[in-house]
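Chemist: My questions will all concern the structure given below.
The values are calculated or read from the model by the stated rules, or taken from the named source; none is laboratory data. Keep in mind that what you see is a predicted model, and the values were worked out from it rather than measured. FYI the Cβ positions are ideal-geometry reconstructions off the backbone, even for glycines, and counts take in every protein chain you see. Note: areas computed on protein heavy atoms with side chains; ligands, DNA, RNA excluded. Shrake-Rupley method; radii C 1.70, N 1.55, O 1.52, S 1.80 Å.
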Amino acid sequence: HWRGALYNSLRRAADGLQGFCVWAAGNRDRRIALKTLYKRLDGTSPAERMPIEDAELITEYLLRDAHAQGYALDWLKALCARFGLVAIELDAPPPNGGWPCEITAIVEKGFQITEKGGLISGVISRAIADRKISPHEADQITELAHAEVQLLLRLVRNVQRAAEMRSTVAAADRCADE
């Protein structure tokens, strides 16, 4: 459940739930009593609901904490899964909101997608050679597939930026000359 994921992530933070309450009060002028936070996270008190703004605030806190950073978005993934959706993290956007040459970035991603597709095909071929897929093989295929989906989403981001900027191949040729 998403509240459980949020609770577990907060417990991983160096200063835990209490640390979040102190941070929220000191840095965001948001006062949440520890007892209230527990009630909101366990979901047993109908009078205490977790506002989305508090979940966002907790996420911000978790992303700043080295111990919990890798778990900061688990609650959002759990919420999406509840409704049959998938949340996929993209890496940080390029500096200054775009690459110096979006067309070049698009071409490079096209080559990378082709390469990853070949890797997935090879792993699948080896995995099904014995007419069954082991848990290890399933993990390999899953990891490669997620990486390719992430790359495809990054490609979409590049294509959209290129369209917004009205990038052209001629502009890409000038980028290559610089």
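Chemist: Of all residues in the stretch 123-178 being outside any helix (DSSP H, G or I) and either of a type in the set (S, T, Y) or at pLDDT 90 or above (or both), which is surrounded by the fewest Cβ atoms within 10 Å (Cβ to Cβ)?
Modeler: Of the residues in the stretch 123-178, the ones outside any helix (DSSP H, G or I) are 129-134, 166-168, 178.
Adding the requirement that they be either of a type in the set (S, T, Y) or at pLDDT 90 or above (or both) leaves 129-134, 167-168.
Values: A129: 8, D130: 9, R131: 6, K132: 8, I133: 13, S134: 10, S167: 21, T168: 11.
Per the stated criteria, the residue is R131.
Chemist: Helices (runs of 4 or more DSSP H) wholly in the stretch 1-80 with at least 2 residues that are open to solvent by 60 Å² or more (accessible area, probe 1.4 Å) and under 26 Å from D91 (Cβ atoms) - which ones?
Modeler: The helices (runs of 4 or more DSSP H) meeting that bar are 2-12, 52-64.
Chemist: Another question, if that's okay. State all residues of the stretch 81-97 that are among the small types (G, A, S) and part of a loop (DSSP other than H, G, I, E, B); if no residue qualifies, say none.
Modeler: G84, A87, A92
Chemist: Inspect all residues belonging to the stretch 95-103 and state whether any of them is polar (S, T, N, Q), over 16 Å from the mean Cα position of the chain (by Cα) and open to solvent by 80 Å² or more (accessible area, probe 1.4 Å).
Modeler: Yes - at least one qualifying residue is present in the stretch 95-103.
Chemist: Checking A72 against (1) touching a residue at least 12 places away in the same chain (Cβ under 8 Å); (2) farther than 20 Å from Q150 by Cβ, only one condition comes out false. Which one?
Modeler: Result: A72 fails condition (2) only.
Chemist: What number of residues in the stretch 22-45 are more than 28 Å from F83 (Cβ to Cβ) and over 25 Å from the mean Cα position of the chain (by Cα)?
Modeler: Selection size over the stretch 22-45: 8.
Chemist: Have a look at I141, I58, I128 and point out the one that is in contact with a helix residue (DSSP H, G or I) (Cβ under 7 Å, 6 or more places away or on another chain) and farther than 30 Å from A25 by Cα.
Modeler: Step by step, each of I141, I58, I128 is checked, and only I141 is in contact with a helix residue (DSSP H, G or I) (Cβ under 7 Å, 6 or more places away or on another chain) and farther than 30 Å from A25 by Cα.
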